[in-house]
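Worksheet for the structure shown next.
The values are calculated or read from the model by the stated rules, or taken from the named source; none is laboratory data. Note that this is a predicted model, so its numbers are computed, not measured. Here Cβ is always computed from backbone atoms with ideal geometry, including for glycine, and neighbour counts include all displayed protein chains.
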């Protein structure tokens with residue numbers, strides 16, 4: 001019996017402790033690898049979301065700049081400086097204001113019950129993109145009352161009232177397609193519009209173009225800077241975003257990621273008068 005017991009294999013306490021230590025090291029290495037991969041994945045997805053949000057907005061503006069100045073062949077609405085195709089009001093950048101753009105194009109309604117020859121009613125629509133100070137609280141600053149440094153972009157659509165020669169209130173114009181200011185994007189650091197004439201020269205001024213240059217716009221450079229909603233980098237560092245507008249670079253020493261999207265929109269319907 002003693003010989004049988006002495007021949008049974010087993011583990012000593014030291015061997016068990018060594019196995020526990022090795023297992024712990026392996027688990028720690030796996031957890032570290034998982035954390036690194038997960039953080040990298042989060043950064044990639046966050047960056048993609050920020051870029052996509054900015055691109056979606058720029059895409060909307062680009063399509064509407066292409067519509068600026070469009071009107072139907074028999075449009076009988078008298079010309080007015082109140083509905084020039086494009087009007088850009090310049091801002092000064094982060095901490096103050098960003099650019100505002102107003103885009104006007106023609107519309108038409110068909111009234112089947114009206115007498116033949118009077119069944120088409122022509123109108124004008126104005127799309128406006130403008131920034132307002134963001135109201136989101138900056139959670140990194142104690143007190144819970146300081147808002148982030150940046151803007152929210154608002155969009156509105158108004159209809160021209162030929163009777164009063166003014167833009168109607170969307171709440172009372174009986175047009176289901178119009179609406180007052182609606183927030184479409186937050187965490188915006190800057191929004192810039194630069195109009196160019198057919199010779200590639202910048203049409204300066206604010207608002208621009210002037211009434212005498214209303215139909216000279218051929219292209220509009222659109223640029224937006226969007227910031228991440230949460231800290232993106234592990235540590236703070238001075239990072240600079242170069243703007244297409246002189247004097248409006250953004251240099252911040254923080255942990256946020258900022259993405260810039262810039263496109264050129266062809267104002268193809270302006271000048272076709």
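Which of the residues belonging to segment 138-155 are closer than 19 Å to residue 256 by Cβ and either within 16 Å of the chain's Cα centre (by Cα) or not in a loop (DSSP other than H, G, I, E, B) (or both)?
Residues satisfying the conditions are 147, 149, 150, 151, 152, 153.
Any residue that is modelled with pLDDT under 95 and more than 19 Å from residue 61 (Cα to Cα) - is there at least one of those in segment 149-157? Please lay out each step first, then the result.
Taking segment 149-157 first, the residues modelled with pLDDT under 95 are 149-150.
Applying the additional criterion that residues be more than 19 Å from residue 61 (Cα to Cα) yields 149-150.
So far as segment 149-157 goes, yes, one or more of its residues are modelled with pLDDT under 95 and more than 19 Å from residue 61 (Cα to Cα).
So, in segment 255-268, how many residues would count as being buried (at least 17 other Cβ atoms within 10 Å of the Cβ) and over 17 Å from the mean Cα position of the chain (by Cα)?
Taking segment 255-268 as the starting set, the residues that turn out to be buried (at least 17 other Cβ atoms within 10 Å of the Cβ) are 256-261, 265, 267.
Keeping just the survivors that are over 17 Å from the mean Cα position of the chain (by Cα) gives 267.
Going through segment 255-268 one residue at a time, the tally reaches 1.
From (1) at pLDDT 90 or above; (2) part of a loop (DSSP other than H, G, I, E, B); (3) over 20 Å from residue 71 (Cα atoms), pick out the condition that doesn't hold for residue 115.
Of everything listed in (1) at pLDDT 90 or above; (2) part of a loop (DSSP other than H, G, I, E, B); (3) over 20 Å from residue 71 (Cα atoms), residue 115 misses just condition (1).
Conditions first: (1) at pLDDT below 90; (2) closer than 26 Å to residue 56 by Cα; (3) part of a strand (DSSP E or B). Residue 95 passes all but one, so which condition is the exception?
The single condition residue 95 does not satisfy is (3).
For residue 184, all conditions in the list (1) more than 20 Å from residue 90 (Cβ to Cβ); (2) without any contact (Cβ under 8 Å) to a residue 40 or more places away in the chain hold save one; what is the number of the exception?
In the conditions (1) more than 20 Å from residue 90 (Cβ to Cβ); (2) without any contact (Cβ under 8 Å) to a residue 40 or more places away in the chain, residue 184 misses (2) alone.
Name every residue in segment 226-253 that is in a strand (DSSP E or B) and either touching a residue at least 60 places away in the same chain (Cβ under 8 Å) or surrounded by fewer than 13 Cβ atoms within 10 Å (Cβ to Cβ) (or both), in order of residue number. Please lay out each step first, then the result.
Pass one, segment 226-253, residues in a strand (DSSP E or B): 226-227, 237-241, 250-253.
Those that are in a strand (DSSP E or B) and either touching a residue at least 60 places away in the same chain (Cβ under 8 Å) or surrounded by fewer than 13 Cβ atoms within 10 Å (Cβ to Cβ) (or both): 226, 227, 237, 238, 240, 250, 251, 253.
Scan 135, 177 and give me the residue that is assigned to a loop (DSSP other than H, G, I, E, B), within 17 Å of residue 95 (Cα to Cα) and in contact with a strand residue (DSSP E or B) (Cβ under 9 Å, 6 or more places away or on another chain). Step through it out loud before you land on a result.
Working: 177 fails: within 17 Å of residue 95 (Cα to Cα).
From the options 135, 177, the qualifying one is 135.
Among the residues of segment 202-213 satisfying the criterion of being part of a loop (DSSP other than H, G, I, E, B) and touching a strand residue (DSSP E or B) at 6+ places or on another chain (Cβ under 8 Å), which is surrounded by the fewest Cβ atoms within 10 Å (Cβ to Cβ)? Break it down stepwise before answering.
Within segment 202-213, the first condition is being part of a loop (DSSP other than H, G, I, E, B), and the residues that meet it are 203-207, 209-210.
So of that shortlist, the ones also touching a strand residue (DSSP E or B) at 6+ places or on another chain (Cβ under 8 Å) come out as 203, 206-207, 209.
Values: 203: 18, 206: 11, 207: 15, 209: 21.
Out of the qualifying residues, it is 206.
Scan segment 44-58 and give yes if some residue there is within 30 Å of residue 212 (Cα to Cα), modelled with pLDDT of 85 or more and in contact with a helix residue (DSSP H, G or I) (Cβ under 7 Å, 6 or more places away or on another chain), otherwise no.
For segment 44-58, residues within 30 Å of residue 212 (Cα to Cα), modelled with pLDDT of 85 or more and in contact with a helix residue (DSSP H, G or I) (Cβ under 7 Å, 6 or more places away or on another chain): absent.
When residue 77 is evaluated against the numbered criteria (1) modelled with pLDDT of 80 or more; (2) loosely packed, with under 13 Cβ neighbours inside 10 Å; (3) part of a loop (DSSP other than H, G, I, E, B), which criterion, by number, is the only one it fails?
(2)
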